1. Please determine whether any residue of region 277-290 is in a strand (DSSP E or B), in contact (Cβ under 8 Å) with a residue 12 or more places away in the chain, farther than 27 Å from P314 by Cα and open to solvent by less than 10 Å² (accessible area, probe 1.4 Å).
2. Just to be sure I understand, how many residues within region 216-253 are in contact with a Ser or Thr (Cβ under 7 Å, 6 or more places away or on another chain) and not in a strand (DSSP E or B)?
3. Specify the residue that is nearest to L53 (Cα to Cα); the eligible residues are those in region 210-229 that are out of contact with any helix residue (DSSP H, G or I) (no Cβ under 7 Å at 6 or more places or on another chain) and loosely packed, with under 15 Cβ neighbours inside 10 Å.
4. Going through region 199-214 one residue at a time, which ones are more than 16 Å from L165 (Cβ to Cβ) and in a strand (DSSP E or B)?
5. Looking only at region 181-200, count every residue that is within 10 Å of E147 (Cα to Cα) and modelled with pLDDT of 90 or more and tell me the total.
6. As an exercise: evaluate I322 against (1) of a type in the set (V, I, T); (2) at pLDDT 95 or above; (3) open to solvent by 10 Å² or more (accessible area, probe 1.4 Å) and give the number of the one condition it does not meet.
7. Which condition number in (1) open to solvent by less than 10 Å² (accessible area, probe 1.4 Å); (2) more than 24 Å from G66 (Cβ to Cβ) is the one that L144 fails?
8. Here is a list: Q77, Q116, Q108. Which entry is in contact with a strand residue (DSSP E or B) (Cβ under 6 Å, 6 or more places away or on another chain) and over 18 Å from T303 (Cα atoms)?
Amino acid sequence: MGRMDVNKPVLRCICAMAFSIAFAPCLLAQKQPVSVTAPAAAPDDKPWPRYTLNAEQTWLCNLPHGKAFDASGLLIQPDGALLIEDNNGIGIYRVQFTQDSKTVDLIQFPDCYTRQQLKPFAAEKVGAYDCEGITRDAEGRLYLCEEANRWILRWDPATKAVERLDIDWSSVTNYFSTDRNASFEGIAIGNGKLYVANERSAPVIIVVNLATLKVDDHFLVEPLEPSLLGILHYSDLSWFDEKLWVLCRQHRVVLEVDPKTRQPIAEFKYADLENSLGYKTVLPGVGIMEGLAVDKNFIWLCTDNNGLPRYNHPKDIRPTLIRCQRPDGK
């Protein structure tokens, strides 16, 4: 999702109307292509467990070089380092915790997704880069999903080169909207598979075999928690403990999903947490979480507040990083 200029109220109004129009098919019909695996339903007698996430700690993300930063995508490295992505352009940043315990600095990852490395793709690029999700494979290569062109890009730390994966999307193109701002919104890698979240217009999770670069499967998962006007919107993915974790922006929940059965096995609600942050939004009830990472002890979230401030701090547009103690006792 792109940012908007908070100093132009008329533009905000126009964007809000466009947002409503873009969601109209979802609001009126909620029609899905017939080939998709139906959303997994919890048995009436044994629904999956549901938890509430509380913020153990929050940090404001200091803006790199003072420029607006729309956080979209989180990744925990094997050494525990936390990486974050900015959808205002392209580039990966390392989260550096500061001594004041209330803010973090964002340090750009060196020699990673540089202009020179991206030069081979310049002729085919439509508009500016709008990268939304980040993940890593066992070889340490870092992947981004680019929204406007529907690209999956891979950076190799050994060669310092970027390649664009030539994935055969033909079996799932019926989910691809013509809206270049309603496209790939999150990625994760597990067991040789690349999971790609296609967002709101025709929400679906696509499973790509990284060895063949072909689509193996696609499916839906849907929370028990209701959302604003029934909108299903995947905004990030994470892989941990052999499970796929799905951030559902409008339901304001995180789903833990068994990748074998394609069914949720736990649900984590964070609506009260998000409301407590006090951010202005384009429309009432529109979720702002676009970054998700999971480890043994915590569920991490990050806001993409689209350059909008908090009500009590009208000049502060910094996004917020949130660490939640896992309430499931695992």
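The values are calculated or read from the model by the stated rules, or taken from the named source; none is laboratory data. Because the structure is a prediction, the values reported are computed rather than measured. We place every Cβ from the backbone using ideal geometry, glycine too, and count neighbours over all the protein chains shown. For the accessible areas, the whole protein counts, side chains as well, though only heavy atoms, and no ligand, DNA or RNA atoms are used. Shrake-Rupley method; radii C 1.70, N 1.55, O 1.52, S 1.80 Å.
1. no
2. 4
3. P226
4. V204, I205
5. Matching residues across region 181-200 total 4.
6. If we test I322 against (1) of a type in the set (V, I, T); (2) at pLDDT 95 or above; (3) open to solvent by 10 Å² or more (accessible area, probe 1.4 Å), just (3) comes out false.
7. (2)
8. Q108
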